[in-house]
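The values are calculated or read from the model by the stated rules, or taken from the named source; none is laboratory data. None of the values given here were measured: they were computed from a predicted structure. All Cβ positions, glycine included, derive from the backbone under ideal geometry; neighbour counts span all protein chains shown. Areas reflect the complete protein model, heavy atoms only, side chains present, ligands, DNA and RNA absent. Shrake-Rupley method; radii C 1.70, N 1.55, O 1.52, S 1.80 Å.
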Amino acid sequence: MTFSIHGLAVSRGISIGRAVLVASSRADVAHYFVEVDKIDAEITRVRVARNAVTDEITRLQKDLPKDAPHELAALLDVHLMLLQDESLISGVKHWITDRYYNAEWALTTQYEIIARQFDEMEDEYLRERKADLEQVVERILRSMKGVGSPVQPLNRPGSGRKSQQDLLLDDTTDVPLVLVAHDISPADMLQFKQSVFTGFATDVGGKTSHTAIVARSMDIPAVVGARSASQLIKQDDWVIIDGDAGVLIVDPSPIILAEYGFKQRQGELERERLNRLKNTPSLTLDGQRVELLANIELPEDTAGAVKAGAVGVGLFRSEFLFMNRESKGLKRLPNEEEQYQAYRQAIEGMHGLPVTIRTVDIGSDKPLDRNDRGQETHLNPALGLRAIRWSLADPPMFLTQLRAILRAAAHGQVNLLVPMLAHASEIRQTLSLIDQARAMLDSQGTPYGPVRLGAMIEIPAAALTLKLFLRYFDFLSIGTNDLIQYTLAIDRADEAVAHLYDPCHPAVLRLIADTIAECNAQGKGVSVCGEMAGDVAMTRLLLGLGLRSFSMHPSRILAVKQQVVRADAGKLQSWAAQVLASEEPAALLLD
Ligand code: PEP
Ligand code: MG
């Protein structure tokens, strides 16, 4: 039966596919398809791992000391039994053989299905066996880690574009897949970037949560804050993700499917139309040049930025280099050389265009490691040790990053951007550490380059003390995501208060307008690098307020350019002043 679930629209477009439910803790498992002739080898990988785990547990059992508690032996028996469980074995085989899932994906998919069955059991003892199953699966996964897959990530064998009719007829393989999860950390989201999924839905998250930001950067339809989606949707259900309306439609009827298929096609045509703007200069009707820059998470993203026609990187969120390293068996923090190589790669990827590297912004909804529980022990992580506060609390770590950025600056134009500054003392400490980093490189005789220094304006206190910031920095970049969060006291990642997260609140607009005006008056560079910059509903207003530099996900650049080339910036000025003075600015934006 068809039903719908409402959430928040975070990434535009329509995706239609079968649901793949992924538990948050399993998001780091690789998801790819195997080629038909490698299916047996993939099944063998699971079998070998399962046998190894069986041997391991049997050995454990044999070596149990005589006085070991009786429960321990019984527990190992249960684990051995689960290892032989027919539904686990046949299910894994099914996902590999019939759906071409790689071994780890097949195993975790089948685990999710059996785990749900355990959840529904009346008997408490049986219900609790879910934890044992999880441990068994965990052991098999660990054992498989030692045995690399003989196959490379691939597109699904024989995959191609399917018509709506094909989708209805084809009930098994060769159909698009959409990912449904309770929550996905921003770093885990990142690893789905090149994945097989054509859409995403999560139970939690706000429009500008970092998970949503990464989903948007992938330019595929996504809905977050869909509350109990991961409970209501079952593995393999047909789901439509409507990223424009923020709605999930589960088990759609053929008529609904046809209607959304039509919308999907319309979206594709719109994209094709926008593509024609690629080589059009970004000039307003009255000849004002508007700089359209890219936000990136990883050095590899520069390829997409160049392709979209970005004239530089306005925000490289360097923290993504720092995240989830321990889960990958790496040292907790990247060293100077690793960082230098990554920044250099980004700079070279932009072929001479400027790159703005933001110093690490760890904390709040971007934990260092998915297993890092530290954040949860703080009542208000968004108000806690985050961004520059985190960096200043660990000077050796910060110096390492600063040296790496300065060294990379020898290879191209680099702007160094500092997040979340609010206090004069923080500014002084930051600048002094930058001087120290230079001095260290000097004393080693290591070459480095010049950087322009910028500060993010994302705390109201900063927006209210602009003169201080402009005394020390060459340019400012307005982080509207946080500026809105901190001005309105709304957690940007909490879907429960998402309706109050209002980019058009008069207080927010006032802070943005004053920042742009002050920078323009002093001849200093100013850009917006929060999600507002890529929101076409805001382009005219920002132009009217005097903004000439926008930084956004590459996928948004052409849509924003379309607004720019249709706008008369001079005429928009007086209209923007009216919007600013209004009690309900959002209503005027619709005009
Ligand atoms: C912002 O706050 O607007 C911003 C660009 O930084 P982030 O989204 O990474 O916090
Ligand atoms: Mg921010």
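Details
- Failed item, numbered, when residue 320 is tested on (1) open to solvent by 10 Å² or more (accessible area, probe 1.4 Å); (2) away from ligand 2 (no atom under 16 Å from the Cβ); (3) closer than 30 Å to residue 347 by Cα: (2)
- Only a single criterion out of (1) away from ligand 1 (no atom under 16 Å from the Cβ); (2) modelled with pLDDT of 95 or more is not satisfied by residue 455, namely (1).
- Subset tally (residues that are free of Cβ contacts under 8 Å to residues at least 40 places away in the same chain and part of a helix (DSSP H, G or I)) for region 577-591: 5
- Some residue of region 280-289 being in the same structural domain as residue 340 (by TED's automatic domain parsing), open to solvent by less than 30 Å² (accessible area, probe 1.4 Å) and touching a Lys or Arg at 6+ places or on another chain (Cβ under 7 Å): yes
- Qualifying residue in region 550-562 (condition: modelled with pLDDT under 95, hydroxyl-bearing (Ser, Thr, Tyr) and either more than 16 Å from ligand 2 (Cβ to nearest atom) or not in a helix (DSSP H, G or I) (or both)): yes
To keep it simple, each residue is scored yes or no on (1) open to solvent by less than 30 Å² (accessible area, probe 1.4 Å); (2) within 14 Å of ligand 1 (Cβ to nearest atom); (3) outside any helix (DSSP H, G or I); (4) of a type in the set (A, V, I, L, M, F, W, C).
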position	(1), (2), (3), (4)
337	no, no, no, no
344	no, no, no, no
353	no, no, yes, yes
397	yes, no, no, yes
407	no, no, no, no
429	no, no, no, no
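- Residue in region 485-507 that is open to solvent by less than 10 Å² (accessible area, probe 1.4 Å), away from ligand 1 (no atom under 15 Å from the Cβ) and without any contact (Cβ under 8 Å) to a residue 60 or more places away in the chain present: no
- Of all the numbered requirements in (1) at pLDDT below 95; (2) touching a helix residue (DSSP H, G or I) at 6+ places or on another chain (Cβ under 9 Å), residue 326 misses one, and that requirement is (2).
- Residue 479 vs. criteria within 23 Å of residue 354 (Cβ to Cβ), buried (at least 24 other Cβ atoms within 10 Å of the Cβ) and among the small types (Gly, Ala, Ser): yes
Condition check ((1) among the charged types (D, E, K, R); (2) more than 16 Å from ligand 2 (Cβ to nearest atom)) across all residues:
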residue	(1), (2)
466	no, yes
469	no, no
512	no, no
518	yes, yes
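- Matching residues in region 283-342 - criterion: being under 18 Å from the mean Cα position of the chain (by Cα) and on the phi > 0 side of the Ramachandran plot: 324
- Figure legend. Inter-residue proximity from region 341-356: first residues closer than 16 Å to residue 297 by Cβ, second residues among the acidic types (Asp, Glu), beta-carbon distance below 9 Å, spacing 6+ or different chains. Indicated pairs: 345/300; 346/300; 346/301; 349/300; 349/301.
- For region 288-316, a tally of residues being assigned to a loop (DSSP other than H, G, I, E, B), in contact with a Phe, Trp or Tyr (Cβ under 6 Å, 6 or more places away or on another chain) and either under 13 Å from residue 561 (Cα atoms) or away from ligand 1 (no atom under 16 Å from the Cβ) (or both) returns 0.
- Residue in region 448-467 that is in a loop (DSSP other than H, G, I, E, B), among the acidic types (Asp, Glu) and open to solvent by 50 Å² or more (accessible area, probe 1.4 Å) present: no
- Single condition residue 523 does not satisfy, out of (1) open to solvent by 30 Å² or more (accessible area, probe 1.4 Å); (2) modelled with pLDDT under 95: (2)
- Restricting attention to region 186-205, the residues that are part of a loop (DSSP other than H, G, I, E, B), surrounded by 21 or more Cβ atoms within 10 Å (Cβ to Cβ) and not hydrophobic (A, V, I, L, M, F, W, C) total 2.
- Scan region 475-510 for residues that are within 16 Å of ligand 2 (Cβ to nearest atom), of a type outside the set (A, V, I, L, M), part of a helix (DSSP H, G or I) and over 24 Å from residue 453 (Cα atoms) and the total you get is 2.
- Lone unmet requirement of (1) farther than 25 Å from residue 409 by Cβ; (2) in the same structural domain as residue 408 (by TED's automatic domain parsing) for residue 509: (2)
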